[in-house]
Every structure is written in structure tokens, then in C-alpha cells.
Amino acid sequence: MKIKLTGRVIRAGRVEGEALVSHAPIGFLGGVDPETGVILDPNHPLKGKSIAGKILVFPHGKGSTVGSYTILRLARSGAAPLAMINANSEAITAVGAIIADIPMIDQVDIYHFRTGDLVRIENERIEIVRENNL
Amino acid sequence: MTDLNLTSEEQALLEGAAGPGVQRAMEIVVALGRIYGAADLVPVEHVQISGVSYKNLGDAGVAFLHEWAGQGAKVRVPTTLNPAGMELARWQEMGFDAEFARPQLAAIDAFVRMGVVPTMSCTPYLFPNYAPRRGAHLAWAESSAVVWANSVVGAFTNREGGPSALAAAIVGRTARYGYHLPEQRRATHVIEIRCPVKSIADFGALSYVVGKAVGDGVPYFVDLASWLPPLPDDLTEGGAAGDRLKTLGAGLAAYGAVALYHIEGYTPEARDLGRKLLSSHAKRLVVESLDEGYAVMDANPETTEIDLVTIGCPHASLSELRRVAERLRGERLRARLWVTTARLTRERAEAEGLVRIIEEAGGEVVADTCAVVAPIRGLGVRRMATNAGKMACYAPMHSGVEMRYGTLDQCLEAAIRGSWPKALSDQ
């Protein structure tokens, strides 16, 4: 099964990977380990999971604006997501994507995605490939 | 998709006409403009940059800033810098570790390469050369300064982040949305006060009560002016009014996410427009007491021994330094005292002999940093006291210290005795 979507490009790029979906916002400063990509926030539904190497799908960022530098630190540690997809982005995540060179799209209905989906991104275009129709 | 209109010059910068450093800056400004639905970009007169402490930047951040500088990024408008993690000239004698100091100095060097003035202070509005004027468009990071600029001065700025403020400085513009638009400056909450609000600490406690309730809204205080001395034209010395407003704004930004407040009959926009500033669905909040604020800020009431008293969050004004020196003249301190301030303000205080009086008592007038951004646990600090609402919010969270909170007189008494005094008569 394939789903095709388009969004608004924050940082252009072409990448393919596995989706990790969070329906809760993510606070990067203090909420994600900048060295490993593991979510540290004790109240986050994905606590203990790593965002490294994933297509990270979430509604938007939250918390301190220093979180943009956390996203940069993730990228330099090799622990950043491959790409980020937001429902409605905000300054922390968008600026983080631009300074860390991580492809990013927003204005996307994130309810189309499930964790484990294969996701292909090419600039504003997204393709979701799901093995079995669950 | 929102249409963001760019001039041909802006479009050229976005396409790389001035090199990759400027291009990246323009990408940031344009991305924010699109996300927040700006119609165009607006030139800014001054930029204040946050994200200076090595604690937050990490090695990746320091390397990135140098790469940006190496790509030819230079600021186009006067740009000043937030506090760093240590005092630059005296870090060794103050006990900071070289492993922290070296990358911290490297970070500041990168900003200086880009043309930023290394003021290392959260109070650009106390500098005669940078104090903003009413109606000026700014790109300020540092939430406490943002509140001051919007509220006390009537300048226009959003709460920028560190990299977005730097990007705005490099292109000399920011996206016109949010608090740059008059219609976004209306009040969302009407605040009525039913209790005395006298000391700086009281204004800090009030900032907790109101900040928690309004979040990122715009509070309109209907009767706070009666608790404030008149607002002078020159606020660069702080003064009785300025020192109270400084702590109020910093706390509103820390406990809530306030970027603008109005005080009826007092702050510039409220003087001109009065209740026309109220949005039609503004909510009413009555403050009956400050107890809730004091209970949260004075977080460890069982703690009596004090290691470090800190005054100056936001950075101490000249008038606060005068009050500290007046009280400490001829005293001998038992606890460590940091009066944290801007180097520029310390120079003004030195000229008046205030620094010598504080140092003779055994206190320190610390420039460039503060106990929020400095790694104070590494200096052996476990039990702190302050009269500043924002410090009471962040120091326990960032550094895991125990906190006592009270008036300036209580804090100075604690520094003299080495232990927290019972309540003193106020001011």
C-alpha cells in the first residue's frame, strides 16, 4: 500500500527511511540526549526510544529555543533523524533542521503515518510504503 | 501556502548571491516568515543574541558558529551578546575549569569574528548606546530583554532563539509577524491586584502568579501603576521603577512565556491606547495574594545555611549596585556574594567607587555571566539565596541547588551572617 502526500519544504532533501511517529510534541533541550538520540523526557510516550536514523514524524517542537542547538548536536554526533515531518512546525525545530542540514517538511497530516512505515521524501513530496494493510 | 514577499535583494541573498553564510541566514529568516505567515521582512535596528553558554552550545555549536563565520557571515546591524558561562577575564581566579573555559572563549571568538559586540549581558536596554527607542523593530533573543523592549519601551520584537537572532543580524531583517504587528499586541488577560506589591521580590512573586496563569498571553495590569514609582525617561540606571519592572518581566517570561505586558496609565502603549488594547475576549484574573509565588520561589524554607547569595537577574543595574554597596559599607561577609552585572555597568559602578565597597566587604561584582548559565555546582555551591524571580526559577532546575528567596535586604543580611534571616521589614 502506498500513500502520497505533499507538504511545505522547510529544508529540501531526498531521503528514505523508517518512520518513528510521535503524536506528542517533542522538547529537544533536555528531552532528547544530544549524543545518542534517545528520548529522555520521562513524560513522553516514546521515552527510551532513539530518534537516530529515523524519519521522525511529530506535530511540532516545544520548550526552550536552545533546542535548535540540540538538533545540531544530534546531527554532529551522528544521532539525528534522517528527516523530520511536522504537522505545524515552529521556530525551534525549523531552525534546528536548517542549521543541522536535516531535510524537513511541515503542513502534513501526520495521522497517515505509522511507526515502521517506509517513507520516501523528495523535497515537498512524501511517499509512505506499508508492507501489509493492518 | 503563505505568500512571503521578498525584495529582489532579499531573493538574491536567499539564492546565495552573498555566499553560503548569508544564504543560510536568509533561509532561516524566510523559513520562519513562511511558518508564521509573514507578508514580508522588516529591517531591524538592533539584535540581541542568546545561546552563548558552552553549557548549551556544546562542541557542535561552537564548531558550527566558526563554520558560519568562515562562510563569510557578518552582522549588518549593531548586535550584542547574552551572558556567557563565566567571567571572561577572571575565570581562573574564580575557580572555573579550563575544560569549560577554552571552548567558551572559542564560542565568543566566533561571534566576534562575525562582528558581534561581546557585551555578555542580558540587559542591553541598560546600555546608553543600545537602549531601544519606542517603535523600533528589533530581533532580540533573551526572553527577559524581549519583555522589557516590548512592554517598558514599546519597541517591537518577537522572542527570537539564538540562531534565529544571529540570522536576523546577518541579513539585517526579520520576518514581520507576531509582536511586530500592532494587532498582535492586544491584551489577552486583565489583571487586578488586591494585595500590596512593594519590593523587587514582591514583583518577582507576582510574576510567578501571573506568568503561570497567562502562559504566552499578554497581561494588562489595571492597577499596578499605584505600586510603582513614576517611569523616568532615562532607564539606563535601572532606578526604583526599572528594577521592579526588570524582575517582573523576567519572571513573566520564565514562569509563563510572556513577551509583552501593559500597565494601565504607565507603559507607553497603555498610556496612549488604554483599554482599547484589550482584546474582546480578554480573561479576568484577580490576584488576592503573592503567597503562592513566595511558596514556589522560596523552595527550601528549611534551609538556613547559605553558600552563595546572588543579586542581579537580569543583570544588576547601577541603582541596584548602589543599594548593595550602601548596605555592605564596612561589613564583613560570611557567605559568598555575587552581584552579577554587565561589564559596562560594572565600569559605571567602579567610577562611583561602588565595586570597591562591595569587594572590601568580601563580595564579588561578577561580569559577563550569572548563576543561571555558569556551572555553579562545579564551584561547590549547594545552597543559594536570591531576590530575583527568574533566578529562583532556573537555578534549582539547572544546577540542582537549594533556594531561599526574599527581599534584597534579607539576601544581603544572609550574605553578612552566612545564614538566612527571619523576615525583615520590607523594601
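Odds and ends about this structure:
- Beta-bridge orientation, segment B:8-180: approximately 25 percent antiparallel, per DSSP, counting only bridges with both partners inside.
- Per-residue 3J(HN,Hα) values for segment B:114-120, derived from phi via the Karplus relation 6.51 cos²θ - 1.76 cosθ + 1.60 with θ = phi - 60°, read 7, x, 6, 7, x, 6, 6 Hz in sequence order (x marks Gly and Pro).
- Cα centroid separation, segment B:89-151 to segment B:347-363 (Å): 22 Å
- Euclidean distance of C-alpha centroids, segment B:1-64 and segment B:204-256, integer Å: 31 Å
- For chain B, hydrophobic long helices are taken as DSSP H runs at least 20 Å long by C-alpha position along their axis with mean Kyte-Doolittle hydropathy of -0.5 or more; these are B:20-35, B:54-70, B:98-113, B:200-214, B:239-255.
- Approximating the spin labels as points 7 Å out from Cα along Cα→Cβ, the residue A:43-to-residue A:24 distance works out to 0.8 nm.
- Residues of chain B were split at every exposed loop site, defined as GluC sites (Glu not before Pro) in a DSSP loop with at most 12 other C-beta atoms within 10 angstrom, and the longest piece left, sites excluded, is B:94-287.
- Relative contact order, percent, chain B [alpha-carbon distance under 8 Å, six or more residues apart]: 17 percent
- Reciprocal of mean inverse Cα separation for segment B:293-427 (Kirkwood radius, Å): 14.5 Å
- The Cβ shell under 13 Å around residue B:230 holds other residues with a net charge of 0, Lys and Arg each +1, Asp and Glu each -1.
- Here residue B:194 and residue B:134 are evaluated by their C-beta separation; at R0 = 45 Å the FRET efficiency comes out at 0.90.
- Under the Debye formula (equal points on every Cα, no solvent term), log10 I(q)/I(0) of segment B:258-332 at q = 0.27, 0.28 Å⁻¹: -1.21, -1.23
- Label-point separation in nm, residue B:17 to residue A:36, each point 7 Å along Cα→Cβ: 4.9 nm
- Three-way shape label, chain B, alpha-carbon gyration tensor, a/c 1.5: oblate
- Whole-Hz ³J(HN,Hα) from phi, Karplus 6.51 cos²θ - 1.76 cosθ + 1.60, for segment B:262-273, glycine and proline x: 10, 10, 4, x, 9, 7, x, 5, 6, 5, 7, 10
- Among A:112, B:315, the ranking by other beta carbons within 10 Å of each residue's beta carbon, starting with the fewest, stands as A:112, B:315.
- Separation of the residue B:422 and residue B:5 label points, Cα + 7 Å toward Cβ, nm: 6.8 nm
- Neighbour-count order for B:273, B:126, B:308, fewest beta carbons within 10 angstrom listed first: B:273, B:308, B:126
- Rounded to 5, the percent of DSSP beta bridges in the protein assembly as shown classed as antiparallel: 35 percent
- Span from the segment A:95-134 Cα centroid across to the segment B:281-310 one, whole angstrom: 44 Å
- Diffusion coefficient, µm² s⁻¹, Stokes-Einstein with Kirkwood Rh over alpha-carbon pairs of segment A:2-129 at 10 °C and 1.306 mPa s: 115 µm²/s
- When B:397, A:84, B:403 are arranged by Cβ crowding within 10 Å, least crowded first, meaning fewest neighbours, the order is B:397, B:403, A:84.
- GNM on chain B, alpha-carbon springs under 10 angstrom: the most fluctuating residue among B:83, B:124, B:396 is B:396.
- Close amide-amide hydrogen proximity is noted between residue B:403 and B:299, B:300, B:384, each under 5 Å apart and 5 or more residues distant or on a separate chain (H modeled in the peptide plane; Pro and chain starts excluded).
- Isotropically averaged projected area of the protein assembly as shown, using the convex hull of Cα atoms (one quarter of hull area), nm²: 25.2 nm²
- 5 angstrom amide H check on residue B:381, placed H, neighbours 5+ away: none
- Dividing the mean sequence gap of close Cα pairs (under 8 Å, 6+ apart) by how many residues segment B:8-180 holds gives a relative contact order of 35 percent.
- Percent of beta bridges antiparallel (DSSP, segment A:29-134, rounded to nearest 5): 55 percent
- Estimated from helical segments only, the mean residue ellipticity of the protein assembly as shown at 222 nm is -10000 deg cm²/dmol, where each DSSP H run of four or more residues counts as -39500 (n - 2.57).
- Amide H within-cut-off set for residue A:38, under 5 Å, with H built and near neighbours excluded: A:33, A:51
Each reported figure results from applying straightforward, stated rules to the coordinates on display, with no laboratory input. These numbers were taken from a predicted model, which means no experiment stands behind them. Counting neighbours? That spans all protein chains shown, and the Cβs are built from the backbone with ideal geometry, glycine included.
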